[in-house]
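The values are calculated or read from the model by the stated rules, or taken from the named source; none is laboratory data. Since the model is a prediction, treat every value here as computed from it, not as a measurement. Counting neighbours? That spans all protein chains shown, and the Cβs are built from the backbone with ideal geometry, glycine included.
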Amino acid sequence: MPTGQCETRDGTEEAYVIQVSKYAQSDELYRRALQSIPQGTHSSSRKDSPHPFYFRRGEGAWVWDIDGNRLVDCVLGNGALVFGHGSPIVREAVEEAMAAGLESGLETQLSVEVSELFLRLVPTAEQVRFATTGTEAVMHAIHMARAATGRPDIAKIEAAYHGWYDLVFVSTWPDLAKAGQPENPVSLPGTGGLNPAAVGSTLVIPFNDAAGAVRLLEANAGRLAAVFVEPVLIDVGYIPPTPGYLEAIREATDRLGIVLVFDELLTGFRVAVGGAQERYGIRPDLSIWGKALAGGQILSAVAGRADLMAESAGSAGFVGTFNGHQWSLAAARASLTALADGALVRQLEDGTRYLAERFDQAAQRAGVEAKFHGGGGHFQCYFTSEPVRDYRSAARADGRRYTCFRTAMLDRGVFLVPGYTGHNAISTAHEGDVLELVADAMDASLEEVAAQGN
Ligand SMILES: Cc1ncc(COP(=O)(O)O)c(C=O)c1O
């Protein structure tokens, strides 16, 4: 966070300075939070320096913190808030569902209608089941893939994030010094406390190296039930697949009898209405959805081929008190209806493209080596001269320059993610003047980065 403002006042005896921080209440609340909450936050991803963002209220693209600072929010609930904050689309639907008096635990006409609407928008899916978090939907996909194949293990792409339990919290943002050779990545725990046997069983494959990934899948095929793919690697910013990569994984998994799972939590209803599978024309066997699915409300989905989804009705159980929560399903119906014709998805794409153009021009003017990657309203700015095509090239970007850029953006009223391999976003409420403000802030912030030198 930027440093506090200084106000000077003359006293009767001598002049003295009072430090008035723009973030005094946030500082104070953080000190309190550390007493009752580990790290002071209820998700480690909200940790920030010198304190987390303490939200007071939000409206569209804007958020106010508890100190009254107003910022354009480009974090947007880890990319979930596709319509921005407090969108009437979502709010009215949730209020109506609340008034009906059912939260969860019973099936309704709404549960069926939202399933049908989802399947219309995601043509590769023949059946769908709704859960709460992405982590749970991923877990169920693993259970179904195991039940269908009789094999125990999974593969995932280096640095892709699929949730936070033992089998998938593997090699997420790994330390490059420990990560092994690019074509043969080591499976590293993403956190302490995981079962080492589970971590070791998960095969890590490279992104955008089709030959390397296929070679590893072939060598391990006998034990692999599923391979999980974040088709655009958004959990390290925004890295699209190079032509042929997803096709090669599809061909290999078909040939080797491995279930191909696309994790569309970030790509779904953003890079195309039907997600990355629509944009890149690849048909996965199963896919995972969330975030924009219910306009940022608490809902995830696992969907796919009917013969695989049949495992969910048979040998792979699917239970959960809050599965198919009515308020979230109401939000999903409203969100999917609003997104269905593709106009808002195109608006997000156009907004991202506009920011990319402005960033590239400004970086060139300022003489800063940097790359703007984005699509579907997600973006990241990498301070590097090398092409960013996988986690390793992203991780080699200059984190110090990103921090300088982010601080300068914050000073100009734009809130970005703290990490240089994190992902930023715009919502459908980021248009017109708001988009101009972000673009102008980028111009000025790149000048500041240039002024800092190397
Ligand atoms: C691509 C992807 N998959 C899965 C997850 C896990 O979802 P959740 O946080 O709802 O458990 C996330 C969360 O950020 C994600 O970005």
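Go through region 108-133 and give me each residue that's at pLDDT below 95 and either within 16 Å of the ligand (Cβ to nearest atom) or surrounded by fewer than 18 Cβ atoms within 10 Å (Cβ to Cβ) (or both).
P123
Restricting attention to region 381-423, and to residues there that are in contact with a strand residue (DSSP E or B) (Cβ under 6 Å, 6 or more places away or on another chain) and assigned to a loop (DSSP other than H, G, I, E, B), which single residue is farthest from Y161 (Cα to Cα)?
The extreme case among them is G413.
What pairs can you find where one residue is in region 86-100 and closer than 13 Å to S328 by Cα, the other is modelled with pLDDT under 95, and their Cβ atoms are less than 9 Å apart, with a gap of 6+ or different chains?
From region 86-100, the pairs are A97/E103.
Exactly one condition in (1) farther than 21 Å from T253 by Cα; (2) touching a strand residue (DSSP E or B) at 6+ places or on another chain (Cβ under 9 Å) is false for V204; which is it?
Only one criterion in (1) farther than 21 Å from T253 by Cα; (2) touching a strand residue (DSSP E or B) at 6+ places or on another chain (Cβ under 9 Å) is unmet by V204, namely (1).
List the residue pairs whose Cβ atoms are under 6 Å apart, where the first residue sits in region 237-264 and is more than 23 Å from A397 (Cα to Cα), the second is of a type in the set (A, V, I, L, M) and in a loop (DSSP other than H, G, I, E, B), and the two are 6 or more positions apart or on different chains.
Cβ pairs passing all conditions: L246/I282; R250/I282.
For region 198-219, name all the residues that are within 16 Å of the ligand (Cβ to nearest atom) and either free of Cβ contacts under 8 Å to residues at least 12 places away in the same chain or under 19 Å from the mean Cα position of the chain (by Cα) (or both).
Residue satisfying the conditions is F207 alone.
Considering only residues that are under 29 Å from H85 (Cβ atoms), in a loop (DSSP other than H, G, I, E, B) and not small (G, A, S), which ones fall in region 286-313?
Q297, I298, L299 - these are the residues of region 286-313 that are under 29 Å from H85 (Cβ atoms), in a loop (DSSP other than H, G, I, E, B) and not small (G, A, S).
Kindly indicate the residue of region 70-86 that is surrounded by fewer than 18 Cβ atoms within 10 Å (Cβ to Cβ) and not in a strand (DSSP E or B) and also nearest to the ligand (Cβ to nearest atom) among those meeting that condition.
Applying the filter and picking the extreme gives G77.
Out of E92, E136, which single residue is more than 16 Å from the ligand (Cβ to nearest atom) and of a type outside the set (V, I, T)?
Criteria check complete, one pass: E92.
If I filter region 220-247 down to residues being under 24 Å from M309 (Cα atoms) and in a helix (DSSP H, G or I), which single residue comes out as farthest from the ligand (Cβ to nearest atom)?
For region 220-247, the residue satisfying everything is G222.
Output the qualifying pairs, or none if there are none: Cβ atoms under 6 angstrom, residues six or more apart or on different chains, first residue in region 150-165 and within 11 Å of R223 (Cβ to Cβ), second residue within 15 Å of the ligand (Cβ to nearest atom) and in a strand (DSSP E or B).
Note: pairs meeting the criteria are I154/A226; A155/V227.
Select, from R283, R250, the only residue that is more than 14 Å from the ligand (Cβ to nearest atom), assigned to a helix (DSSP H, G or I) and within 23 Å of D209 (Cβ to Cβ).
Of the residues listed, the single one that is more than 14 Å from the ligand (Cβ to nearest atom), assigned to a helix (DSSP H, G or I) and within 23 Å of D209 (Cβ to Cβ) is R250.
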